[in-house]
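The values are calculated or read from the model by the stated rules, or taken from the named source; none is laboratory data. Just so it is clear, the structure is predicted and the values come from calculations on it, not from any experiment. So basically every Cβ, Gly included, is an ideal-geometry build from the backbone, and we count neighbours across all protein chains shown.
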Amino acid sequence: MPRITSRVHPSRRTLSFWVLALGLGLSTLIGEGCRGAGGHEPTIQVYKTPTCDQADDYILVRPGTDAALALGLMHVIWRDSLQDQDYLERGTIGHERLRARVLSEYAPERTAEITGLTVTEIEDLARRYATTRPSLIRLNYGLQRHHGGGMAVRTIACLPAIVGAWRDHGGGALLSTSGTYEFAMERLTRPDLSPPGTRTINMNQLGEALHGELPGPPVMALYVYNSNPAAVTPNQAKVLSGLMREDLFTVVHEQFPTDTVDYADIVLPATTQLEHVDIHSSYGHHEVMYNERAIEPRGQARSNNDVFRALARAMGFEPDLFPDDEHLMREALDGGPSMNGITLEKLKDRGSIRLDIDDPYMPFSQGRFPTDSGKCELDSERMKAAGLDPLPTYTPPLEDPRTKPGLAARYPLQLLSPPRPQFLNSTFANSPTHRRSAGEPTIELAAEDALARGLADGDWAETFNDRGRFLARVELSGSVRPGVAVATGIHWNKYSPGATNVNNTTSSALTDMGGGATLFDNLVQVRKSAGPAA
């Protein structure tokens, strides 16, 4: 659950509906029991995940091509007059321009060529999506982790407006409910205290920052909290060599001896959720939750806020820069309309309180959106001003075999690194129980790709590219399509064969919007290995 008050860290009814699940790493489908009530649950993935086993059917697309599939669906919907014209007229801007684009550029035949699907699969999916009510698209975070990830999410999110899915309870699209919480975050983050021109560094470019390859002065001090960058950041080899700089002063505030702790000059013990108070929002419901302290901090452990308060005091900052936790929580709750009636006293008494929003929550049923125009902007002037295509489009990955044949000749496999079910990113990867359950690192390959490399199930293999390498056991589960490899993680380096994990091969390039990570935009080669040194 997201924490709210760290100053430096920022429906209930059973329905019969159609759920389209998109996104690598999706663990569950929305609407438990929906199929039993007459619903239909297809899922779109890039390899056969456990979610696919729970779906009515599944479709495997080439990695990074979700936007092209969405545009192909739009083509069929408009071509066959399956759109909700009334909703388009009242609730959107630019639908005629988008219609012209998809009808001229994204015929099922071209979409099939890009995505690796068949024309029949694309047309059948489009018709089912457009004619089933209500219908919900459940996105997840994996599909945006390539160069065109921002445009992919933008494109997919336009589909419900085209078919009018927002009209229905349970219809539309969902990534996370976290945006519904209108906490007064500016009161916590205090952007007013940052002088103009203050530099910020994207964590995905930590390696470049530590090597002085970004604009601005060199990074001489690093304070790490709530993260394990030695394991989770991309371009790992560059990050680790930066952490080994003799002139870098590194402080790590942690609960466990992570990979990053190994590079620290000073380690500060951190509290767990049981040892400090906080307020939580969520990713999947609409309750504000109070996190009560269950035990006193153990040993010398201190919370983020306690350490930052002490630092502020020692550095001579004003006393109100970092007030006590109760003050911070009251500030957070003094936010937008969804926080109406939610007080700290009520939270302490009840434990959780639902946001002050409609029930059922149908925010766009009347076509009113939180945009400058108040409508769903299928043609966006704001995106145009930012130098982006104002219409939904398909932006291929930076490392795509179709667009980078030279690179693919050396590194022909598209590597994906979704979470291993036993871990939560790198959390729990130090637990002996979780590690035993997770087993050794694996690299899943299609049978024909393994055969071409002389690999059998259980063999040790080295996965590599120009950025780095890691060792893993070959797994032939039948879950991946040819040309794709899957290495679930994130194993800590210190517990991994060869002392590196999958992020030794991932790129620090950024997505087209928002500066996100491109962890799944990664071409590699795999070859047989003798395994870890004895």
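Things to note:
- Complete set of residues in region 312-347 that are at pLDDT below 95, surrounded by 10 or more Cβ atoms within 10 Å (Cβ to Cβ), in a loop (DSSP other than H, G, I, E, B) and hydrophobic (A, V, I, L, M, F, W, C): F317, F322
- Entry remark, region 298-320: residues being over 29 Å from M339 (Cβ atoms) and not basic (K, R) number 8 in total.
- Residue satisfying condition, being surrounded by fewer than 21 Cβ atoms within 10 Å (Cβ to Cβ) and under 27 Å from the mean Cα position of the chain (by Cα), within set A230, A184: A184
- Test set (1) closer than 20 Å to D278 by Cα; (2) at pLDDT 95 or above; (3) not in a loop (DSSP other than H, G, I, E, B) - Y223 fails condition number: (1)
- Within region 420-442, being crowded, with 16+ Cβ neighbours inside 10 Å and not β-branched (V, I, T) holds for R420, Q422, F423, S426, F428, A429, N430, H434, R435, A438, E440, P441.
- Near pairs, Cβ below 9 angstrom, 6+ apart or cross-chain, from region 318-343 (within 17 Å of M289 (Cα to Cα)) to any residue that is among the β-branched types (V, I, T) and part of a helix (DSSP H, G or I): S338/T180
- Taken as a whole, the structure places I353 among residues that are outside any helix (DSSP H, G or I), out of contact with any Ser or Thr (no Cβ under 7 Å at 6 or more places or on another chain) and among the β-branched types (V, I, T).
Rundown of residues vs (1) crowded, with 23+ Cβ neighbours inside 10 Å; (2) not in a helix (DSSP H, G or I), yes/no style:
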site	(1), (2)
G72	yes, no
Q83	no, yes
D86	no, no
T111	yes, no
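- Residue that is surrounded by the fewest Cβ atoms within 10 Å (Cβ to Cβ) [pool: residues in region 188-211 that are touching a Lys or Arg at 6+ places or on another chain (Cβ under 9 Å) and in a loop (DSSP other than H, G, I, E, B)]: R190
- So Y495, is it among the aromatic types (F, W, Y) and under 24 Å from S529 (Cα atoms): yes
- Every residue from region 49-63 that is outside any helix (DSSP H, G or I) and in contact with a Phe, Trp or Tyr (Cβ under 7 Å, 6 or more places away or on another chain): L60, P63
- Test result for S417, surrounded by 19 or more Cβ atoms within 10 Å (Cβ to Cβ) and either modelled with pLDDT of 95 or more or out of contact with any helix residue (DSSP H, G or I) (no Cβ under 7 Å at 6 or more places or on another chain) (or both): yes
- In region 508-530, the residues that are closer than 15 Å to T463 by Cα and surrounded by fewer than 23 Cβ atoms within 10 Å (Cβ to Cβ): Q525, R527, K528, S529, A530
- Boolean, K375 is modelled with pLDDT of 95 or more, charged (D, E, K, R) and in contact with a helix residue (DSSP H, G or I) (Cβ under 6 Å, 6 or more places away or on another chain): yes
- A single entry from N425, N503, N493 fulfils the requirement of being out of contact with any strand residue (DSSP E or B) (no Cβ under 6 Å at 6 or more places or on another chain) and modelled with pLDDT under 95: N425.
- Residue satisfying condition, being under 30 Å from the mean Cα position of the chain (by Cα), at pLDDT below 95 and of a type in the set (S, T, Y), within set T65, T49: T49
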